[in-house]
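Remarks on the structure that follows.
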Amino acid sequence: MKFDYDVIIIGGGHAGCEAAAAAARYGANSLLITHKKSTIGEMSCNPAFGGLGKSHLVREVDALDGVIGIASDEAAIQYRVLNQRKGPAVRAPRVQADRKIYKKAMQRILSQYKNLTVLENECIGLLIDEGACCGVQTLNSDEIYAKAVVITTGTFLNGLIHIGKKTYPAGRVGDKPSLHLSDVFQKFGFQLGRLKTGTPPRLDGRTIDWATLEEQQPDQEPIYMSYLTDCIQQEQISCFITRTNDKTHNIIMSNLDNAPLYSGQIESTGPRYCPSIEDKVVRFGERNGHQIFLEPEGLDSHTVYPNGISTSIDEKIQEIMVRSIKGLENVKIERPGYAIEYDYIDPRELKLTLETKKIRNLFLAGQINGTTGYEEASAQGLIAGVNAAINCVGNQEFILDRSDAYIGVMIDDLVTKGVTEPYRMFTSRAEYRLSLRIDNADQRLTQKGIDLGIVKKNREASFNAKLSEIHDAMNLVTNLTITPNRAKQYGLKINQDGKKRSVLDLISYPNINLTDLYPIWPELSRIDKSVSAQIESNAIYSKYLERQRLEIVSFKKDESLVIPVDIDFNDVKGLSNEARDRVSKMKPATVGQLSRMEGIDPSTVLKILSYIKAHRKISEMSA
Amino acid sequence: MYNTINSKTIYALSSAPGKSGIAVIRVSGPEAKKIGNLFNIDLPDPKKVQIAKLVHPHNGDFIDKALITFFKSPNSFTGENMVELSIHGGKAIKDLIFSILAAEENFSYAEPGEFTRRAFLNGKLDLVEVEGLADLINAETEFQRKQAFDQMEGKLSNLYTKWKGQLVKNLSYLEATIDFVEEEISPEIAGSQIKDIRVVLSELDAHLNDSNKGERLRDGFHIIIAGSPNTGKSSLLNHLSNRDIAIVSDEAGTTRDSLDAYLDINGFPVIITDTAGIRKAKTEVENIGVKKSQTKMKEADLVLWLMDSSINKNDGIPHNIKDKSIEVWTKSDISIHENKDIIISTKKDQGITQLIDIIGKFVEKGCRTEGSFITRSRHRDALEKTKNHLSMIAKNDLLDVEVIVEELRSAVNSLARITGHVDVEDLLDIIFKDFCIGK
């Protein structure tokens, strides 16, 4: 067979962009197919990146030389660190991003990849040969052949928009849905489900009475999304806060028959952490209003995103409702809010590489796998894209596990447990949270990326420079010591036990920071901020990091017990029918994954384990 | 649910539960050699046996004389470093050693089958041996945990469930303050969670210190012989003392009531005490004796209520002790009654064996209501660990919330070894139910 490309990526959203870039960095000759070139890198929902859990994903993608971090820094018009007063493991940067600048940045970055082509077309079918995907069918009936295909169609699969009693098929407002692909998946027996998500109305900022509203200013000292960024690139602006009131709530309560979520028009599940304003009022209506963040969508745009009032209630009522809110009394709605229902593929259909188990060389990433959020999509895009490229040359697959990265936590959750609502990352999902921090994503992942060959020279150089800085700084903080008596003279409260303390010892006290020690040792102030942040974090959490390290050792042990892909679970004696069904369907990759599956008890794990061990012994004997 | 913690060092009683002459405690894992430091003994060379005095790490008290064997990795049953302590089988000694081991951070009471499982994973067992292992694990792990938990005395399982519910809620609320920082969650919430945690901690502390529960096994099952004067109480006590089930104490300096008999019935320690006869007192001195008898009966685990079968008089068991008493008719050799359920003669040695059998059933029932010995040790280990993590939170005001959560997660996971697994989804369910999330 003659291939036109190595990897084809369908969709130009956040998953698609990252997948295309990753495949190209790995060296694959790649083709990105999108409905509209101009919507590549579109932020379909809120104009922001990062936040808790999500900024962890961005940093990890960035550590592997992905594109989301650099593009969001380029478009950042407000930097804010969440949880500033909590510890470093749960601090998280968040940026408001200029929608147009982001899109432009993403399109420019992708255009710099020499081995990446962009094609404006619609994919209406997959070319399958002997259980393997070998290309796509496009609308004008061209067949394009490739060694692997990554599908990242977001909410476009059978997308159906609801506004009040009105419904119509769409991928997002202004874009056609992908109707054909759903049929393709159904034909191949994929388990499909249906989810719902929503977006608020967009407001004309010129009609908002800003003077009456609470202002939220940007941080003075920003924390960037990418390790490579070293300065602010756009003018920084404020967001503003207002809130709903009794009047707003009454309008919603008396119009629930015009709300598709409550009239029975929408039956699929939406995310609990991002409810519509209808949901909030029905469930928590007694509250003294719900806050709304008014987020400008860009520097030269008047559009404002009112974060907190996602709605699909009737268009006219949206206007009455919004105008009941302080500061929005005369507001003009540019575009109404809406809910969208869409098909997703049960992610338990996927391997940890995001390749489907049913069709070889076919990968899925992003919202199609039941997730939500730009960052979640982007992280999956990277894993799918790089593994699609790896598949073309038959190298060792690239998998991050739960102890490596949030990316690993997310993908393991998805493919092992499936989803019941759109999946979003939270830091509470990561059992090794104190080890997986935004300050050390590069230490955790960049070397892996270099070994894999997906990290470009400039990042490799800056990473190595930081490594040697950390090395030098570590020497410094372990070698500089002080007696308790002298420390007392500097006002440091430590036990007067006569034992000398190193700088590292001192900063592990909760009330001593590295900056507190500058008067004693001025040379400490020469340590770069990103380096000192990492050293301080390691010192603060040292006790817990050691505990987690031990847990990770045993976790890795179970993860390293690979279940052979060709195992026939019918040959394993003594499994219950239910357990046999579950494992046959799911085909877990490792004993660790097997033991995390729902409805699998220890005896099932052991029976499978001893079956594998028996087989290995037999094959060793025959060899 | 299923997780090898091979970084953990595990320990357990390997000999039979209950009272025995010698008990063997097995320790396996990366820190097994720490036993040496912990009890201030020198470990022998691998596979050599050595006698040593175990010393309490905190107060320096002498614990027991023990035989120590050290198996060096990989030449041990599990393939890891292993230490075996052969100690005297007293309950108090075992409990003390277990509590010392439980206090070590990386030590855990072994899950059932865990030694075998480690042996299997380290390639120390052949396939034939493995065949039976799956069934063994099936019977002993999650299923058994659940069954043991379900069968646990109602009060106890309710208490553990209550603590777990409370801690999971505290954990959810604290997680909410981390992950949903922009959601108008009141900052006071964190403080009130810590308050709740302190309450659980003090309850847990009291529970662990409550000697009632362990006492029955540790100090013996208490039986009181009671009844009207001259029904043969002392004769029965003397008779039981002289049988070969009586224990002769070898512990020096033990003060003991001359009216006690120490017996070993079905492997459990039993203490039988005689009391003054119960009747309407004629003198003040006698009245004191009767009151004392009544108090003892209330505290007893079992009362043998003796009645004279040679005279036609049914005294009837006092109402307040009816459910823990057995009617025993004495003097069967001169009985004027027939067809009594339990009737004995100490003079003729009639019915005594049957009586001991019946007592044995009560003792077993009485000692087993709290679960078997091993299960209880696992529970104690889990509760001790829970307590240690909660204490870290309670005694340190400066901890960052994510560190508090880390300790609290560990506490909940320890408690979950008794009460069942807790998932992130359980936390999210609580968060989304109780807070309006959705910026």
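The values are calculated or read from the model by the stated rules, or taken from the named source; none is laboratory data. Not measured: the values here are computed from a predicted model. Please note: Cβ atoms are built from the backbone with ideal geometry, for glycine as well, and neighbour counts cover all protein chains shown.
Things worth noting here:
- Among the residues of the stretch B:174-192, those identified as of a type outside the set (A, V, I, L, M, F, W, C) and closer than 10 Å to B:VAL405 by Cβ are B:GLU175, B:THR177.
- If you go through the stretch A:309-319 and keep only what is under 16 Å from A:ILE292 (Cα atoms) and surrounded by fewer than 22 Cβ atoms within 10 Å (Cβ to Cβ), you end up with just A:GLU319.
- The residue that is surrounded by the most Cβ atoms within 10 Å (Cβ to Cβ), among those in the stretch A:480-525 that are hydroxyl-bearing (Ser, Thr, Tyr) and over 41 Å from the mean Cα position of the chain (by Cα), is A:THR481.
- Inclusion of A:GLU215 among residues that are loosely packed, with under 15 Cβ neighbours inside 10 Å, assigned by TED's automatic domain parsing to the domain that holds A:GLU267 and closer than 30 Å to A:LYS466 by Cβ is not warranted.
- Residue count, the stretch B:393-412 (criterion: small (Gly, Ala, Ser), surrounded by fewer than 22 Cβ atoms within 10 Å (Cβ to Cβ) and within 17 Å of B:VAL199 (Cβ to Cβ)): 1
- If the condition is being of a type in the set (Val, Ile, Thr) and within 13 Å of chain B (Cβ to nearest Cβ), then the stretch A:398-429 contributes A:VAL409, A:THR416, A:VAL419, A:THR420, A:THR427.
- For the stretch A:540-558, the criterion of being at pLDDT below 90, outside any helix (DSSP H, G or I), touching a Lys or Arg at 6+ places or on another chain (Cβ under 9 Å) and aliphatic (A, V, I, L, M) is satisfied by no residue at all.
- When we screen B:LEU67, B:LEU54 for residues that are in contact (Cβ under 8 Å) with a residue 12 or more places away in the chain, surrounded by fewer than 19 Cβ atoms within 10 Å (Cβ to Cβ) and under 30 Å from B:ASN266 (Cα atoms), the only hit is B:LEU67.
- Failed criterion for A:PHE188 (all others in (1) under 19 Å from A:ALA365 (Cβ atoms); (2) hydrophobic (A, V, I, L, M, F, W, C); (3) surrounded by 17 or more Cβ atoms within 10 Å (Cβ to Cβ); (4) in contact (Cβ under 8 Å) with a residue 60 or more places away in the chain hold): (3)
- Filtering the stretch A:260-297 to residues that are within 12 Å of chain B (Cβ to nearest Cβ), in contact (Cβ under 8 Å) with a residue 12 or more places away in the chain and acidic (Asp, Glu) leaves A:GLU278, A:ASP279, A:GLU295.
- Residues of the stretch A:531-559 that are more than 11 Å from chain B (Cβ to nearest Cβ) and out of contact with any helix residue (DSSP H, G or I) (no Cβ under 7 Å at 6 or more places or on another chain): A:SER542 alone.
- For beta carbons closer than 9 Å, sequence separation of 6+ or different chains, a first residue in the stretch B:413-439 that is within 19 Å of A:VAL419 (Cβ to Cβ) and a second that is aliphatic (A, V, I, L, M) and surrounded by fewer than 17 Cβ atoms within 10 Å (Cβ to Cβ), there are no qualifying pairs.
- Considering residues of the stretch B:373-392 that are within 13 Å of chain A (Cβ to nearest Cβ) and surrounded by 20 or more Cβ atoms within 10 Å (Cβ to Cβ) only, the residue modelled with the lowest pLDDT: B:LYS385
- Verdict on B:GLU370 being outside the structural domain of B:SER99 (by TED's automatic domain parsing), modelled with pLDDT under 90, acidic (Asp, Glu) and touching an Asp or Glu at 6+ places or on another chain (Cβ under 8 Å): yes
- Taking the conditions (1) farther than 23 Å from A:ASP343 by Cβ; (2) within 14 Å of chain B (Cβ to nearest Cβ) in turn, A:ILE232 satisfies each one other than (2).
- The residues on offer are A:ALA579, A:ALA614, and the sole one that is among the hydrophobic types (A, V, I, L, M, F, W, C), crowded, with 18+ Cβ neighbours inside 10 Å and within 13 Å of chain B (Cβ to nearest Cβ) is A:ALA579.
- Residue check, A:ALA461 free of Cβ contacts under 8 Å to residues at least 12 places away in the same chain, among the hydrophobic types (A, V, I, L, M, F, W, C) and under 30 Å from A:ILE383 (Cβ atoms): yes
- The selection criterion, being out of contact with any Leu (no Cβ under 9 Å at 6 or more places or on another chain) and away from chain B (no Cβ under 14 Å), does not hold for A:TYR145.
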